[in-house]
Amino acid sequence: MAIALAFSGAALAQQYKWVDQNGRVRYGDVPPPGVNATRLRPPPAASAPPAAPGAKGPLSAADKEAEFRKRQQEAQKAREKQELAAQEAEAKRENCAHAQQNVRTIESGQRISRTDGKGERYYLDDAQRAQELAKARQAVQQSCN
């Protein structure tokens, strides 16, 4: 409180305007002796901001607590939404990378094997490879856009 009073005195100090020997306009609290100084009006006193329409006055402790909890809940929901969006973006990036790798593997020309319902391995022929490549490119389009 004492600090506020100390600074308020400086804010209320009288201000002067004068022209120095070099012809420059100067301002200050105390003009130098022998100059023609003009006394300036102090700035208008600060007033309280007008009350918002429909304002009921100061909030009670319970109202402040309720508003605080509401802000906390909104912030928590925003964080959860942001985390979910980040997780979805990461999953999309991973799916895109996997689909692109699958296309590169099929286009590489190496033999690709699959396992049938009996658990036996078989190799893809050219027609099956073309079908797998079409599916892989479609997966890239869906995952990477």
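Couple of notes before you dig in:
- Failed criterion for LEU124 (all others in (1) of a type outside the set (Asp, Glu); (2) at pLDDT 90 or above; (3) in contact with a helix residue (DSSP H, G or I) (Cβ under 8 Å, 6 or more places away or on another chain) hold): (2)
- Filter result (surrounded by fewer than 11 Cβ atoms within 10 Å (Cβ to Cβ) and either touching a Ser or Thr at 6+ places or on another chain (Cβ under 6 Å) or on the phi > 0 side of the Ramachandran plot (or both)) within region 13-32: GLY23
- Entry remark, region 80-130: residues being of a type in the set (S, T, N, Q) and more than 37 Å from the chain's Cα centre (by Cα) number 6 in total.
The values are calculated or read from the model by the stated rules, or taken from the named source; none is laboratory data. The shown structure was predicted, so the numbers you read here are calculated from the model rather than taken from an experiment. A quick note on method: Cβ atoms are made from the backbone with ideal geometry, for glycine too, and the neighbour counts reach across all protein chains shown.
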